[in-house]
Structures are given as C-alpha cells and as structure tokens.
Amino acid sequence: MFASPMSLTLARFTPADLAAARSLTLAALHSTAYLSPGEIDALLEHCCANYAQCMAEGDAHLFLKCLQGDEMVGLMLVKAYWNLAELYIRPASQGSGAGQALLAQALLQCRTRSPRGHLRANASRNAEGFYRRHGFVDFPLAQSLPYGCVPLVYPFD
C-alpha cells in the first residue's frame with residue numbers, strides 16, 4: 001500500500017475489486033456530458049475487459065485503486081507500464097487529490113519499467129487539462145482517436 005494526501009490510500013487491485021471498478025467506471029463515464037448512452041455502454045465494456053485481462057496477467061501491468069477509508073474513489077490501469085489505459089475518479093471525489101495521487105504513483109513506478117521510455121495517455125476532453133498540468137505533451141498520431149480523445153505522452157528522459 002502507498003500513502004497519499006488527504007487520507008487517501010493506494011493499493012494494488014485484486015479480483016475482488018472488479019465489481020467496484022465497474023461501478024466506479026460507470027459513474028465516471030455518466031459524468032461525461034459529451035458521451036451518448038451507446039458510447040458509455042461501449043466504453044464500459046471495453047474498460048471491464050481491460051480490467052479482467054490485466055488481472056489475469058498479474059504484474060505485467062500497474063493496476064491500482066485509490067481508497068478513502070473503505071470506499072474506492074479512483075482507479076488506474078497502466079498496461080505494460082507505458083500505456084495509461086484507464087484513470088477514473090468517482091465524480092463526488094474529483095478534486096480530492098485521488099487522480100493526482102494515482103498519476104504520481106504511475107510516474108514513479110513506470111519511470112524505470114516503461115519499455116518505451118514514456119507514459120502514454122489518450123486523454124478525454126474532461127481530462128486533457130489535468131494531464132497537461134502534470135507534464136504531458138502532444139503525441140502526434142496519423143489518425144484521430146475515438147470520442148474526441150487527445151493523444152498525450154509523458155517522456156521519462
């Protein structure tokens with residue numbers, strides 16, 4: 001476990017956390033005003049498939065939860081220590097430091113384990129400013145990303 005600000009605790013995910021992860025992810029997606037119900041359903045299923053796959057693959061990925069007391073208020077999945085695939089904070093806990101604590105832990109753990117020398121994120125419109133404030137910069141791609149996401153990267157050099 002890792003201590004973080006404002007009585008938040010970071011811990012590794014376990015299979016017992018998958019139902020809570022689905023609930024948190026759904027709440028976070030519903031707070032995104034620009035997504036349609038169909039897009040929310042598709043993203044939720046994609047995220048849950050990522051969670052299950054990464055649980056099955058163990059330490060090949062960084063999968064953390066953020067707890068305030070016993071309540072899961074955030075989660076983060078970094079595939080293969082370079083692809084920040086999921087970072088969700090329960091809407092009522094946004095601004096609490098949970099996202100910052102999770103991202104700080106990702107940067108710390110991935111710095112020496114990333115096979116690509118960076119941490120990459122496809123930032124939603126809601127999260128682009130958050131990532132940029134934490135040092136992420138543009139990562140040009142030949143094609144546009146779905147849902148208006150913006151490709152960003154945090155170089156470790």
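When each of the peptides 107-113, 25-31 is scored by the mean number of other C-beta atoms lying within 10 Å of its residues, the order from highest to lowest reads 25-31, 107-113. Take the Cα of S23, go 7 Å toward its beta carbon, and the backbone nitrogen atoms of the stretch 82-96 under 18 Å from that spot belong to 88-94. Across the chain the C-alpha pair distances fall into 5 Å bins from zero in the proportions 2, 9, 19, 23, 23, 17, 6, 1, 0 percent. Most simply put, the chain has about 95% antiparallel DSSP beta bridges, counting only bridges with both residues inside it.
With the Kirkwood sum run over all distinct C-alpha pairs, the stretch 17-103 has a hydrodynamic radius of 13.2 Å.
Every number in this text was worked out from the coordinates using simple rules, so none of it is lab data. Note that the structure is predicted; figures quoted are calculated from it, not measured. All Cβ positions, even for glycine, are placed from backbone atoms using ideal geometry, and neighbour counts span all protein chains on display.
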